[in-house]
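Working notes for the structure below.
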């Protein structure tokens, strides 16, 4: 892997950059600059072209995001300093970024490569629940995800309780939760015969100290696994994130830059959030120092990214990145509906289709707005990644994908506000045999038939 771009320089700028209060950063710097960039570069949402095929607008979005980041930079909320970089420094870091990355171990090792728009190669796919689950479900849930054939890597449930006690960030229970997470995920993947599979993060560890405590190649996180350095929306970082970044790089881990720009926040609508999304990828390069990116934009009210405007934004952002940068970025789907509902499967299919044809890799799939305990299953991730695989294999064009997507949207978008909550994992799966229920299996098969009738080229 290419060495990170001058970590000492990044840390220096968190201490010596221009002083700026957070409110001033949001209101006086970010908000007006985003509006200026949208107008200057003519970024415009077209609801009929949810997957746009306008290369010039994708290129303009890249220019807008770069200009925004050069002017605004990243705010370190701990020191109230702006970390600013020159265009020459960013160009240098881009030129040093690797073309590919190998993750996982032994027979489960996988190559993450740069994808192109309408790429015929299957996207690298991480299957991840990544929301709170009951402690007794952790291992069965993780086994279910790791058993999925299309899973190149897995995330894991989040432990918000340990030994019947609530986990609090920065407390001893946080240290224990992070260590237990690392141990149990290793046990789960070993039990299903995939001990070397790429493990994408220890999300149960809330603090930097808890993340560092989970670093152990014998029982915990290994060097070929992923470690997450999350940003604070929008374009912010604190000492906790910088502490993780330094430790993960010095420990030789694969660093994942995580960011979730909000439509309806200081970035404004989908157009402004698209500009911030490109800038966030640049922050992921310069500050988070990521080898991989995990991108999860969401609507600040609906708390999902399967609406028409969010899918448009996801598509345009990835087209801009693919045409102008070397980033290895995973598109993280968040649906409104819960498991064992047709709507959840249709949302997952829409996200997998949009992301894949636009040049992204996949991180799938958070159901029930990613905030309802025990309510996500591998079935939603499965259908998202199957659709992605089929779209790639068929070399589907953006124009054809757009027509399919509009048909999908008609089937669920009117119900996003009042999306069904669905069922819990334990209602959808037999926890002992780790198999989906007959009800969900039949619904999944019926949805696949519906997708085929819509023109989705499923791989099998």
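Summary of values
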read-out	value
Ranking of 314, 433, 452 by count of other Cβ atoms within 10 Å, fewest first	433, 452, 314
Cα centroid separation - the stretch 246-273 against the stretch 285-324, whole Å	9 Å
The chain: antiparallel DSSP beta bridges as a percent of all, rounded to 5	30 percent
Segment residue 6-residue 89, length gained on full extension (0.36 nm per residue, minus Cα span)	28.9 nm
Translational diffusion coefficient (Stokes-Einstein; Kirkwood radius from C-alpha pairs) of the stretch 1-89 at 4 °C, 1.567 mPa s, in µm²/s	86 µm²/s
Over the stretch 302-460, relative contact order from alpha-carbon pairs under 8 Å, at least 6 apart, %	28 percent
C-alpha center-to-center spacing [the stretch 1-48, the stretch 67-127] in angstrom	16 Å
Inter-centroid distance (Cα atoms) of the stretch 329-398 relative to the stretch 421-456, Å	14 Å
Residue 134-residue 442 FRET efficiency (beta carbon distance; Förster radius 25 Å; 0.05 resolution)	0.40
The stretch 276-350: Cα Rg divided by the 2.2 N^0.38 Å rule of thumb	1.19
Structure-based [θ]222 nm, the chain - -39500 (n - 2.57) summed over DSSP H runs of at least 4, per residue, nearest 500	-13500 deg cm²/dmol
Contact order normalised by residue count of the chain, Cα under 8 Å, 6+ apart, percent	19 percent
Normalised contact order of the stretch 40-196, rounded percent, pairs of Cα under 8 Å and 6 or more residues apart	16 percent
log10 of Debye I(q)/I(0), alpha-carbon scatterers only, for the stretch 298-422 at 0.18, 0.22 Å⁻¹	-0.87, -1.27
Overall dimensions of the stretch 359-445 by Cα: Rg and Dmax, Å	14.9, 45
Most to least packed among 36-44, 390-398, 364-372 [average Cβ atoms within 10 Å]	364-372, 390-398, 36-44
Pairs of alpha carbons in the stretch 113-205 whose separation is greater than 20 Å (percent)	38 percent
Translational diffusion of the stretch 227-279, µm² s⁻¹ [Kirkwood Rh, Cα pairs; Stokes-Einstein; 10 °C; 1.306 mPa s]	132 µm²/s
Rule-of-thumb Rg ratio for the stretch 179-330 [Cα; 2.2 N^0.38 Å; N residues]	1.11
Over the chain, equivalent-ellipsoid semi-axes from the Cα gyration tensor in Å	31, 28, 20
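Any read-out appearing in this document is the output of simple, stated calculations on the displayed coordinates, not a laboratory observation. On a predicted model such as this, the values are computed, not experimentally measured, just so you know. Virtual Cβ from ideal backbone geometry, glycine too; neighbours counted across all protein chains shown.
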